[in-house]
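Participant: So that we are looking at the same thing, I have put the structure below in C-alpha coordinates.
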Amino acid sequence: MEPPHERLANRRDTILAHGARLKVTLKDGEIEIKGNRTGLNALAAVCSGLAELTAEELRTPANHYHLDQDFWGTEPGSISLIVHCREDGWPVR
(Lines give C-alpha, C1' and ligand atoms only; values in the text may rest on other atoms or scores of the structure.)
Protein backbone atom coordinates (compact mmCIF):
# COMPACT_ATOMS: atom_id res chain seq x y z
CA MET A 1 0.00 0.00 0.00
CA GLU A 2 1.33 3.43 -0.93
CA PRO A 3 1.79 6.03 1.78
CA PRO A 4 -0.72 8.90 1.71
CA HIS A 5 0.17 11.82 -0.51
CA GLU A 6 -0.98 15.40 -0.51
CA ARG A 7 -4.24 15.94 -2.33
CA LEU A 8 -4.41 18.72 -4.89
CA ALA A 9 -0.77 19.64 -4.32
CA ASN A 10 -0.75 21.83 -7.43
CA ARG A 11 -3.39 24.05 -5.78
CA ARG A 12 -1.80 24.14 -2.31
CA ASP A 13 -1.04 27.87 -2.39
CA THR A 14 -4.66 28.75 -3.19
CA ILE A 15 -6.27 26.21 -0.86
CA LEU A 16 -4.02 27.12 2.09
CA ALA A 17 -3.75 30.83 1.31
CA HIS A 18 -2.97 33.06 4.27
CA GLY A 19 -6.02 34.99 5.39
CA ALA A 20 -8.58 32.59 3.93
CA ARG A 21 -11.80 32.64 5.94
CA LEU A 22 -14.65 30.19 5.46
CA LYS A 23 -17.54 29.32 7.74
CA VAL A 24 -19.97 26.49 7.02
CA THR A 25 -23.19 26.39 9.03
CA LEU A 26 -26.53 24.62 8.98
CA LYS A 27 -29.35 27.12 9.35
CA ASP A 28 -33.04 26.24 9.07
CA GLY A 29 -32.23 23.06 7.16
CA GLU A 30 -29.93 24.84 4.69
CA ILE A 31 -26.17 24.76 4.44
CA GLU A 32 -24.75 28.26 4.44
CA ILE A 33 -21.19 28.94 3.30
CA LYS A 34 -19.75 32.35 4.15
CA GLY A 35 -16.26 33.38 3.25
CA ASN A 36 -13.99 36.18 2.25
CA ARG A 37 -12.66 36.23 -1.31
CA THR A 38 -9.59 34.25 -0.38
CA GLY A 39 -11.66 31.61 1.42
CA LEU A 40 -14.13 31.28 -1.43
CA ASN A 41 -11.25 31.00 -3.91
CA ALA A 42 -9.83 28.21 -1.73
CA LEU A 43 -13.17 26.36 -1.82
CA ALA A 44 -13.35 26.87 -5.59
CA ALA A 45 -9.82 25.44 -5.94
CA VAL A 46 -10.89 22.35 -4.00
CA CYS A 47 -13.96 21.87 -6.21
CA SER A 48 -12.22 22.50 -9.52
CA GLY A 49 -9.23 20.40 -8.48
CA LEU A 50 -11.46 17.43 -7.65
CA ALA A 51 -13.34 17.89 -10.93
CA GLU A 52 -10.07 17.57 -12.84
CA LEU A 53 -9.02 14.24 -11.29
CA THR A 54 -8.51 11.33 -13.66
CA ALA A 55 -10.95 8.41 -13.71
CA GLU A 56 -8.29 6.35 -11.92
CA GLU A 57 -7.85 8.99 -9.18
CA LEU A 58 -11.62 9.10 -8.64
CA ARG A 59 -11.43 5.46 -7.52
CA THR A 60 -9.01 6.37 -4.71
CA PRO A 61 -9.30 8.33 -1.46
CA ALA A 62 -8.07 11.38 -3.44
CA ASN A 63 -11.68 11.80 -4.62
CA HIS A 64 -12.73 13.94 -1.68
CA TYR A 65 -11.58 16.78 0.54
CA HIS A 66 -12.52 17.46 4.17
CA LEU A 67 -13.14 20.99 5.35
CA ASP A 68 -13.64 21.46 9.07
CA GLN A 69 -12.38 23.68 11.85
CA ASP A 70 -9.85 21.11 13.06
CA PHE A 71 -8.43 19.99 9.71
CA TRP A 72 -8.58 22.61 6.96
CA GLY A 73 -9.03 25.60 9.19
CA THR A 74 -12.59 26.75 8.65
CA GLU A 75 -13.85 29.22 11.21
CA PRO A 76 -14.85 28.08 14.72
CA GLY A 77 -18.47 26.97 14.82
CA SER A 78 -18.35 25.55 11.31
CA ILE A 79 -19.87 22.18 10.61
CA SER A 80 -17.78 19.62 8.78
CA LEU A 81 -18.10 19.61 5.00
CA ILE A 82 -16.84 16.90 2.68
CA VAL A 83 -16.53 17.75 -1.01
CA HIS A 84 -16.63 14.46 -2.90
CA CYS A 85 -16.24 13.93 -6.66
CA ARG A 86 -17.72 10.84 -8.27
CA GLU A 87 -18.99 9.83 -11.67
CA ASP A 88 -20.63 6.48 -10.96
CA GLY A 89 -24.03 5.79 -9.47
CA TRP A 90 -25.90 8.84 -10.82
CA PRO A 91 -29.32 8.15 -12.32
CA VAL A 92 -29.64 8.63 -16.06
CA ARG A 93 -31.98 11.50 -17.00
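The values are calculated or read from the model by the stated rules, or taken from the named source; none is laboratory data. Nothing here was measured: the structure is a model prediction, and the numbers come from that model. Don't worry about glycine lacking a Cβ; one is built from the backbone with ideal geometry, like all the others, and counts go over all protein chains shown.
Participant: Which ones in the stretch 40-93 are farther than 18 Å from ARG7 by Cβ and at pLDDT below 90?
Facilitator: Of the residues in the stretch 40-93, the ones farther than 18 Å from ARG7 by Cβ are 40, 69, 75-79, 88-93.
If the condition is that a residue be farther than 18 Å from ARG7 by Cβ and at pLDDT below 90, then GLN69, ASP88, GLY89, TRP90, PRO91, VAL92, ARG93 are the ones that fit.
Participant: Between a first residue in the stretch 65-78 that is closer than 13 Å to VAL46 by Cβ and among the aromatic types (Phe, Trp, Tyr) and a second residue that is at pLDDT below 90 and assigned to a loop (DSSP other than H, G, I, E, B), which pairs have beta carbons less than 8 Å apart while being 6 or more apart in sequence or on different chains?
Facilitator: As it stands, the answer is TYR65/ARG7; TYR65/LEU8; TYR65/TRP72, since those pairs meet every condition given.
Participant: Applying the selection to the stretch 49-77, what residues are within 12 Å of GLU87 (Cβ to Cβ) and surrounded by 16 or more Cβ atoms within 10 Å (Cβ to Cβ)?
Facilitator: LEU50, LEU53, LEU58, ASN63
Participant: Would a scan of the stretch 78-87 turn up a residue that is at positive phi, surrounded by 16 or more Cβ atoms within 10 Å (Cβ to Cβ), within 11 Å of the chain's Cα centre (by Cα) and of a type outside the set (D, E, K, R)?
Facilitator: Start the filter on the stretch 78-87 by keeping residues that are at positive phi, which leaves none.
Checked against the condition, which is being at positive phi, surrounded by 16 or more Cβ atoms within 10 Å (Cβ to Cβ), within 11 Å of the chain's Cα centre (by Cα) and of a type outside the set (D, E, K, R), the stretch 78-87 yields no hits at all.
Participant: If I ask for residues that are exposed (fewer than 10 other Cβ atoms within 10 Å of the Cβ) and on the phi < 0 side of the Ramachandran plot, which ones from the stretch 27-39 would you list?
Facilitator: Listed by number, the residues that qualify are LYS27, GLU30.
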